[in-house]
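Right, one structure below, let's go through it.
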Amino acid sequence: MPNRIIKWIDQRFPLTSFVKHELTGYPTPRNLSYWWNFGFLAGFVLMLQVATGIFLAMHYKADVALSFDSIQHIMRDVNYGWLLRYMHSTGASAFFFVIFVHMARTLYYGSYRAPRELLWWTGQGLLLLLMATAFMGYLLPWGQMSFWGATVITNLFQATPFYGEQVVIWLRGDYTVGDATLSRFFALHYLFPFIIIGAVIVHLVALHSVKSSNPSGIDLAAKDNIPFHPYFTIKDLYGLGLFLMVYCVFVFFMPNSLIEPANNIPANPMQTPNHIVPEWYFLPFYAILRSVPNMVGGVVAMGLSVMMFAFMPFLDRSRIPGGAHYRPIYRLQFYLFMLDMLVLGYVGYVPPTSQTMLIGQIATLCYFASFFLVPFISKVEERWLIKRGLPPQLMALMESESAGIAKRKLKPQRRKGDMA
Amino acid sequence: MKKFMTLLACCCFASSALASEAKLEAVKVGVDLQTVARGVDAVMNSCHSCHSLKYIKYHDLVNLGIDKSVVDTWRGDQPMDSAMLAQMSESDAVQAYGKAPPDLSLMAKARDGGASYVYSYLLGYYITPEGMSGNHIYPATKMPDILGISGITDEAGRAEAQGKARDIVSFLAWAADPDEQTRHKLGYYVLGYLFVLTFLLYLVKNQVWSKLK
Ligand code: HEM
């Protein structure tokens with residue numbers, strides 16, 4: 001019976017062939033490491049956030065007089081409401097953690113390079129959407145940090161040329177963050193995850209057109225590709241089990257470590273907390289904002305710091321495949337960049353003193369330098385590596401790859417035929 | 001590389017410089033019913049006149065396991081499902097102390113340091129050389145020294161006050177997170193389940209991948 005139904009559908013809709021092409025049979029490099037599990041995990045966390053979020057929304061009230069109480073209602077009266085809320089608040093952190101690892105993986109292995117630029121840019125768009133979603137969600141519990149965080153960040157739009165004042169009011173729907181802001185943030189917080197789902201689909205279509213990269217950084221011969229199912233379905237599920245264990249330690253044993261204590265105090269527009277900190281995932285960017293003494297400059301620097309990733313396909317001039325694998329200098333640069341992120345995160349967390357300001361400024365410089373130096377370093381490094389002698393099979397691959405790229409540049413319309 | 005090493009060193013230095021703020025006395029809250037029950041009793045007698053616990057209803061106390069007759073004496077003629085509001089009205093409190101006493105339901109999670117903060121705050125009162133009342137943790141506080149700790153000179157009295165403060169804080173920790181015990185218990189089951197499941201998935205994964213040569 002099920003077979004007959006499927007056959008009926010297949011005569012009218014490419015169900016089996018779609019599943020075979022894009023899911024079960026999707027050719028995947030066999031040498032993918034566990035760093036390649038994080039894309040699937042990001043998709044899983046997205047579904048988790050949508051599922052818990054919809055149930056939270058059934059009990060939540062977006063009204064300045066009611067929202068703080070409604071969170072306590074969820075925590076205390078709704079059956080397993082505490083579980084829903086802690087899964088959701090922990091899920092936001094898990095989402096960023098997974099996405100950051102996913103991005104670091106891409107940076108390390110150079111998966112942003114041709115032909116995967118568009119894939120990388122859709123990822124950049126996803127990061128921005130995720131940040132916007134989390135920022136708006138954070139206002140909803142209407143605690144002190146919710147209120148003051150939203151106030152500080154919406155205030156930054158004052159830096160808009162000519163219309164700064166109006167833009168801030170337009171965003172808030174009022175002169176200050178208030179009921180209008182809360183209602184619209186709730187509406188948008190509900191909407192954005194679905195836009196994210198759409199963007200994820202675009203991301204996946206791009207992925208399936210250019211295929212996964214792999215730790216060697218070289219496009220593998222067909223025999224080294226294996227079908228996604230069962231090899232990667234089971235590997236992803238095993239990774240999911242590991243991830244869920246860590247996630248559940250946070251949800252069940254330390255959920256409050258991810259909620260700022262001041263957010264357990266209802267929002268009070270008359271009383272500024274002595275230290276406003278964003279969520280941990282915004283800290284490095286917040287540190288960059290604070291490192292620039294001038295407000296407009298700070299906003300530009302912060303915006304640029306998030307967008308810098310998008311320039312990577314242009315900045316990296318090296319033709320050596322394999323990302324950091326065959327590139328010792330790039331590898332060092334990568335680790336220094338990770339270290340710099342940690343320093344920035346720390347600086348963003350502590351109350352500013354002249355000392356941490358200085359550290360923050362140096363770290364900000366290092367942050368941008370690690371991007372802007374890439375073109376020069378990658379060129380010099382490539383020359384040096386070729387002079388020193390690369391493994392012969394790598395040289396051969398580089399030649400065929402650059403020939404491939406040249407071909408594409410010459411006749412872009414040929415690509416379609418190449419793919420088929 | 002050297003630059004980053006110096007940077008790291010600076011970070012360590014900065015974090016030690018920060019730690020010089022008033023030190024909290026760490027307290028391990030009790031989760032057993034006796035401690036929490038003594039805590040409710042102390043809160044009803046010493047704090048409830050000024051402070052509300054608006055997210056706790058009287059029947060929550062009965063559900064927790066407090067004797068119903070005791071809860072009945074606390075609630076007087078209020079219904080069982082009314083919230084534990086303060087006896088003093090907010091405007092009276094503002095008039096008397098210059099500031100409204102905050103709601104205590106979430107207090108154990110609403111300050112950096114959590115329960116240890118409240119514990120240290122309650123025990124942080126002292127008499128300044130000028131004969132005024134001061135507090136190490138919250139110097140400008142408008143709340144009087146409820147436990148009378150600044151007047152206690154002997155060890156036994158101090159130990160008693162500490163015990164009482166710990167009871168109070170244990171109750172407040174429960175009030176801030178009443179499902180903590182359930183959560184932990186469920187957590188152990190979930191983790192146990194996940195552990196077995198993940199282990200099995202690991203075996204299946206190895207088996208599936210072993211077909212590749
Ligand atoms: C992209 C996925 C999402 C992210 C990253 C995210 C993030 C967040 C964050 C950071 C909070 C504040 C948590 C807290 O401190 O309590 C929050 C709250 C909330 N979110 Fe989401 N969210 C997502 C998806 C959704 C969806 C799809 C819905 C509903 C359809 C939703 C509904 C809510 C509600 C009702 C709250 C307020 C309750 C609460 O604060 O726990 N969220 N979200």
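The values are calculated or read from the model by the stated rules, or taken from the named source; none is laboratory data. These numbers were taken from a predicted model, which means no experiment stands behind them. Cβ: placed from backbone, ideal geometry, glycine included. Neighbour counts: every protein chain shown. With ligands, DNA and RNA removed, areas are computed over all heavy atoms of the protein, side chains included. Shrake-Rupley method; radii C 1.70, N 1.55, O 1.52, S 1.80 Å.
A compact table of results
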read-out	value
Boolean, A:GLY137 is within 14 Å of chain B (Cβ to nearest Cβ), under 22 Å from A:ALA94 (Cβ atoms), crowded, with 16+ Cβ neighbours inside 10 Å and among the small types (Gly, Ala, Ser)	no
Pairs, first at the interface with chain A (Cβ under 7 Å from one of its Cβ atoms) and free of Cβ contacts under 8 Å to residues at least 12 places away in the same chain in the range B:185-213, second assigned to a helix (DSSP H, G or I) and open to solvent by 50 Å² or more (accessible area, probe 1.4 Å), C-beta under 8 Å, six or more apart	B:GLY187/A:VAL249; B:GLY187/A:PHE253; B:LEU191/A:VAL249; B:THR198/A:LEU242; B:LEU201/A:LEU237; B:LYS205/A:LEU237
Any helices (runs of 4 or more DSSP H) falling wholly within the range A:317-404 and containing at least 2 residues that are farther than 30 Å from A:PRO293 by Cα	A:328-349, A:374-388
Odd one out for B:SER49, checked against (1) assigned to a loop (DSSP other than H, G, I, E, B); (2) modelled with pLDDT under 90	(2)
Which listed residue is open to solvent by less than 30 Å² (accessible area, probe 1.4 Å) and within 8 Å of the ligand (Cβ to nearest atom), from A:GLY91, A:GLY110, A:GLY123, A:GLY81	A:GLY91
Condition met for A:ASP219 (open to solvent by 30 Å² or more (accessible area, probe 1.4 Å), modelled with pLDDT under 95 and away from every other protein chain (no Cβ under 14 Å))	yes
Count of residues meeting criterion [more than 17 Å from B:LEU106 (Cα to Cα) and either in contact with a His (Cβ under 6 Å, 6 or more places away or on another chain) or in a loop (DSSP other than H, G, I, E, B) (or both)] in the range A:64-91	5
Qualifying residue in the range B:73-91 (condition: within 14 Å of another protein chain (Cβ to nearest Cβ), open to solvent by 40 Å² or more (accessible area, probe 1.4 Å), closer than 18 Å to B:MET44 by Cβ and touching a helix residue (DSSP H, G or I) at 6+ places or on another chain (Cβ under 9 Å))	yes
Tally, over the range A:258-285, of residues that are crowded, with 17+ Cβ neighbours inside 10 Å, without any contact (Cβ under 8 Å) to a residue 60 or more places away in the chain and away from chain B (no Cβ under 11 Å)	0
Test: residue in the range A:186-198 that is in contact with a helix residue (DSSP H, G or I) (Cβ under 6 Å, 6 or more places away or on another chain), more than 11 Å from the ligand (Cβ to nearest atom) and open to solvent by 30 Å² or more (accessible area, probe 1.4 Å)	no
Helices (runs of 4 or more DSSP H) contained in the range A:92-188 and holding at least 2 residues in contact with a Pro (Cβ under 9 Å, 6 or more places away or on another chain)	A:117-139, A:144-155
In the range A:228-248, residue nearest to A:LEU84 (Cα to Cα) [restricted to those that are more than 7 Å from chain B (Cβ to nearest Cβ) and surrounded by fewer than 17 Cβ atoms within 10 Å (Cβ to Cβ)]	A:VAL246
